[in-house]
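Have a look at the structure below before the remarks.
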Amino acid sequence: MTSNPRNLAIRRRNRVRSKLRRVAKSERPRLSVFRSGRHIYAQIIDDKQGRTLVSASSADKEFKIGKGWNVDGASEVGKLIAGRAKEAGVSDVVFDRGPYLFHGRVKALAEAARESGLNF
């Protein structure tokens with residue numbers, strides 16, 4: 001496998017997910033984060049059933065802040081996903097940062113979701 005950035009990101013994502021599967025032997029769903037240059041997306045996935053329970057993004061109509069590519073937008077998405085998770089009856093999740101480092105927008109989303117009531 002060559003060491004271009006895409007392959008490295010795939011390897012990093014697989015490493016994080018394998019650790020999540022070892023740690024999350026319980027029946028907790030996974031809070032997965034994807035960030036693009038313009039938006040940030042979060043979804044809570046039940047891996048046993050293979051379906052998305054709840055999702056939120058900066059591209060949603062309920063999104064209040066105009067810019068989804070900054071830290072304020074990411075924290076707003078974290079509040080949105082936590083609120084929707086409460087409505088769906090989900091309170092405990094496992095955080096899946098994917099290939100992204102835990103800082104900046106990913107960290108802001110995670111902290112806002114924790115403050116709004118999600119446990120991970």
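The values are calculated or read from the model by the stated rules, or taken from the named source; none is laboratory data. In this text, all values refer to a predicted model and were calculated from it rather than measured experimentally. Note that we place each Cβ from the backbone using ideal geometry, even for glycine, and neighbour counts take in every protein chain shown.
Each row is one residue, and each column tells you yes or no for (1) under 18 Å from Ala110 (Cβ atoms); (2) touching a residue at least 12 places away in the same chain (Cβ under 8 Å); (3) in contact with a Leu (Cβ under 9 Å, 6 or more places away or on another chain).
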| site | (1), (2), (3) |
| --- | --- |
| Asn14 | no, no, no |
| Leu20 | yes, yes, no |
| Arg28 | yes, yes, no |
| Val33 | yes, yes, yes |
| Gly37 | no, yes, no |
| Gln43 | yes, yes, yes |
| Thr52 | no, no, no |
| Asn70 | yes, yes, no |
(message) Among (1) assigned to a strand (DSSP E or B); (2) surrounded by fewer than 17 Cβ atoms within 10 Å (Cβ to Cβ); (3) out of contact with any Gly (no Cβ under 8 Å at 6 or more places or on another chain), there is one condition Glu87 misses while meeting the rest; what is its number?
(response) (1)
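Between Val54, Val16, which is outside any loop (DSSP other than H, G, I, E, B) and touching a helix residue (DSSP H, G or I) at 6+ places or on another chain (Cβ under 7 Å)?
Exactly one residue qualifies, and that residue is Val54.
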(message) When you scan the stretch 30-40, do you find a residue that is in contact with an Asp or Glu (Cβ under 7 Å, 6 or more places away or on another chain) and over 30 Å from Asn4 (Cβ atoms), even just one?
(response) no
(message) Suppose we filter Phe95, Phe63, Phe34, Phe102 for residues that are in contact with a strand residue (DSSP E or B) (Cβ under 8 Å, 6 or more places away or on another chain), assigned to a loop (DSSP other than H, G, I, E, B) and not small (Gly, Ala, Ser); which single one remains?
(response) Phe63
(request) Please tell me if Arg105 is among the charged types (D, E, K, R), at pLDDT 95 or above and in contact with a helix residue (DSSP H, G or I) (Cβ under 6 Å, 6 or more places away or on another chain). (result) yes
(request) Quick one: Ser58 ticks every box in (1) in contact (Cβ under 8 Å) with a residue 12 or more places away in the chain; (2) under 21 Å from Leu20 (Cα atoms); (3) not aromatic (Phe, Trp, Tyr) except a single one, so which number is it? (result) (2)
